[in-house]
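Report on the structure given below.
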Amino acid sequence: MGKTVVIKEDILKALGDVGVSTGQTMMVHTSLSSIGYVCGGAQTVIEALLAAVGGTGTIMMPTQSWKNLDPMDGVHWEIEKENWQKIRDYWPVYDKKITPTNTMGAVAEMFRLWEGALRSDHPARSVCAKGRFAKYLTQEHDLSDIFGEGSPIGKLYELDGYVLLIGVGYDKNTSLHLADVRAQYPGKHECTEYSAVIENGVRVWKKYSTLYVDGEDFAEIGRAFESKTAVKKAVLGETEITFMKQRELVDFAVRWIEKNRGR
């Protein structure tokens, strides 16, 4: 049996079924392959998303290039330790116009190149957005504030935005990192990271401190959230889409983390 063929109208119907509408601002996480055979691929998905929120809405996606981190963080696991210094010396600097995404999916990779889309300046944890609030969401993405109050994720919370999962689970739900920032729990700590950037016209291996990124319990948080909240879902091709208010998710996750993590 072949794959389910999905066209733009199918995507628009599923989006409408979960409550996506004109003027909304949302973070979108996608797995194109999970949908089935999308006629037009990533382009069709992006066109449907932009059409669904209209000219007054905003779509944001993760465009992280997390390979631009120090090998000691484990992101270059295939490289032996004796070669780590070569990566530090020669890894290309972040350029938001050309640096590709790492494991963010085909839709996010195309979206960063979409006409009118804006990308944030974080060399390892960038986002890309298009629409009414794109400039606000992507500007001033501080090195040390990856997912906190002044980050794109924090700004989405301020705007009372939404999260849309297309064929992915809560382990891919970046907004849960904002809850991680806000929650107080045993073992919470900062770490030091390094990324290749241009500073004063010179390539540097930039050192910065940030909250340790911990997402191992995100799937568990998602299951608990859905047991307590009327999250909207719809079938799209061979997968499912899930739509939620970001504030509801983050507020719930803060309470869950403080109750459960590190105890």
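Cβ separations smaller than 6 Å between residues 6+ apart or across chains give the following pairs from the stretch 60-72 residues that are closer than 14 Å to I98 by Cα to residues that are in a loop (DSSP other than H, G, I, E, B) and not hydrophobic (A, V, I, L, M, F, W, C): T63/T101; T63/R112; T63/S126; Q64/R125; S65/T99; S65/N102; N68/Y94; N68/P123. Of the strands (runs of 3 or more DSSP E) lying entirely inside the stretch 156-261, those containing at least 1 residues that are within 21 Å of H141 (Cβ to Cβ), without any contact (Cβ under 8 Å) to a residue 60 or more places away in the chain and out of contact with any Cys (no Cβ under 9 Å at 6 or more places or on another chain) are 190-199, 202-211. Within the set V75, V107, V93, V127, the sole residue that is aliphatic (A, V, I, L, M) and closer than 25 Å to A234 by Cα turns out to be V107. When the stretch 9-37 is filtered for residues that are under 16 Å from F111 (Cα atoms) and either among the basic types (K, R) or assigned to a strand (DSSP E or B) (or both), the ones remaining, listed by number, are T25, M26, M27, V28, H29, T30.
Candidates in the stretch 18-44 are the residues that are of a type outside the set (S, T, N, Q) and more than 21 Å from the chain's Cα centre (by Cα); of these, the one that is surrounded by the most Cβ atoms within 10 Å (Cβ to Cβ) is V38.
When you look at K259, is it at pLDDT 95 or above, over 22 Å from S34 (Cα atoms) and either touching a Ser or Thr at 6+ places or on another chain (Cβ under 6 Å) or surrounded by fewer than 14 Cβ atoms within 10 Å (Cβ to Cβ) (or both), yes or no?
Yes: the conditions hold for K259.
Here D160 passes the criteria (1) modelled with pLDDT of 95 or more; (2) surrounded by 14 or more Cβ atoms within 10 Å (Cβ to Cβ) except the one numbered (2). Name every residue in the stretch 198-250 that is surrounded by fewer than 18 Cβ atoms within 10 Å (Cβ to Cβ) and polar (S, T, N, Q), in order of residue number. Listed by number, the residues that qualify are N200, S209, S227, T229.
How many residues does the stretch 30-55 hold that are touching a Leu at 6+ places or on another chain (Cβ under 7 Å) and among the aliphatic types (A, V, I, L, M)? I'd like the intermediate steps shown before the answer.
Just the residues of the stretch 30-55 that are touching a Leu at 6+ places or on another chain (Cβ under 7 Å), to begin with: 35, 38, 41-42, 45, 48, 51-52.
Still in the list and also among the aliphatic types (A, V, I, L, M): 35, 38, 42, 45, 48, 51-52.
Residues flagged as touching a Leu at 6+ places or on another chain (Cβ under 7 Å) and among the aliphatic types (A, V, I, L, M) within the stretch 30-55 amount to 7.
For the stretch 1-17, the set of residues classified as surrounded by 19 or more Cβ atoms within 10 Å (Cβ to Cβ) and closer than 19 Å to M244 by Cβ consists of I11, A14, L15, listed by residue number. Give all pairs with beta carbons closer than 7 Å in which a residue from the stretch 13-32 that is under 17 Å from G169 (Cα atoms) meets a residue that is among the small types (G, A, S) and assigned to a loop (DSSP other than H, G, I, E, B); count only pairs at least 6 apart in sequence or on separate chains. Note: pairs meeting the criteria are M26/G161; M27/G161; M27/S175; T30/G105; T30/G167; S31/G105; S31/G167; L32/G105. With respect to the stated conditions, T63 is under 17 Å from T174 (Cβ atoms), touching a Ser or Thr at 6+ places or on another chain (Cβ under 6 Å) and surrounded by 14 or more Cβ atoms within 10 Å (Cβ to Cβ).
The values are calculated or read from the model by the stated rules, or taken from the named source; none is laboratory data. Worth saying up front: this structure is predicted, and the values here are computed from it rather than measured. Please note: Cβ atoms are built from the backbone with ideal geometry, for glycine as well, and neighbour counts cover all protein chains shown.
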